[in-house]
Amino acid sequence: MSQSNRGILLLGCPRSGTTLLRRLLGNHSNIASPGETGLFRGAANFLRKNTTGVGVELGVLSGLGHIGVNENQIKSRLIDFVFSFLDEYTQSLGKKRWLEKDAFNAFSLP
């Protein structure tokens, strides 16, 4: 199954009913819906850039750039890493798709 159709990302604001929706969708025979894992929030923090007061960029993207790894490679490998946990969970339940929910993910969108 391709990356684009093996998962569902549920975004919403805190206290808006996302947990209830996650639980309802998780009862579907093909949807695995764990509790909030924080995986996507952690991945966003991993990619976050910081700049020092004199303009020097700090972070994983610039750091790995020093050894020749480009941004697309980093993001691709991070996606594979994050999705692997959800894929394994989904397979352990004998389902086909995962649903990841974290109401605070909505705050990470540009």
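The values are calculated or read from the model by the stated rules, or taken from the named source; none is laboratory data. In this text, all values refer to a predicted model and were calculated from it rather than measured experimentally. We place every Cβ from the backbone using ideal geometry, glycine too, and count neighbours over all the protein chains shown. We work out accessible area using only protein heavy atoms, side chains counted, and drop any ligands, DNA or RNA first. Shrake-Rupley method; radii C 1.70, N 1.55, O 1.52, S 1.80 Å.
Points worth noting:
- Taking the criterion of being among the hydrophobic types (A, V, I, L, M, F, W, C) and more than 19 Å from T90 (Cα to Cα), the residues of region 1-51 that qualify are L11, C13, L20, A43, A44, F46, L47.
- Residues satisfying the stated conditions in region 1-29, i.e. within 14 Å of the chain's Cα centre (by Cα), open to solvent by less than 80 Å² (accessible area, probe 1.4 Å) and of a type in the set (G, A, S): G7
- Region 60-73 residues that are among the aliphatic types (A, V, I, L, M), paired with ones that are assigned to a helix (DSSP H, G or I) (beta carbon under 8 Å, 6 or more apart): V60/F46; V60/L47; V60/I74; L61/L47; L61/E71; L61/I74; L64/I74
- Close pairs (6 angstrom Cβ cut-off, 6 or more residues apart or separate chains): assigned to a loop (DSSP other than H, G, I, E, B) in region 33-55, open to solvent by 40 Å² or more (accessible area, probe 1.4 Å) and of a type outside the set (D, E, K, R) anywhere: S33/L25; P34/Y89
- Selection of region 61-70 for residues being open to solvent by less than 90 Å² (accessible area, probe 1.4 Å) and either in a loop (DSSP other than H, G, I, E, B) or among the β-branched types (V, I, T) (or both) yields G68, V69, N70.
- Taking the conditions (1) among the polar types (S, T, N, Q); (2) at pLDDT 90 or above; (3) surrounded by 12 or more Cβ atoms within 10 Å (Cβ to Cβ) in turn, N105 satisfies each one other than (2).
- Selected residue (criterion: most open to solvent (accessible area, probe 1.4 Å)) from residues of region 71-97 that are of a type in the set (D, E, K, R) and in a loop (DSSP other than H, G, I, E, B): K96
- Residue within region 30-43 that is basic (K, R) and exposed (fewer than 12 other Cβ atoms within 10 Å of the Cβ) present: no
Each row is one residue, and each column tells you yes or no for (1) acidic (D, E); (2) farther than 17 Å from L11 by Cβ; (3) out of contact with any strand residue (DSSP E or B) (no Cβ under 8 Å at 6 or more places or on another chain).
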| site | (1), (2), (3) |
| --- | --- |
| P34 | no, no, no |
| G38 | no, no, yes |
| K49 | no, yes, no |
| V82 | no, no, yes |
| D87 | yes, yes, no |
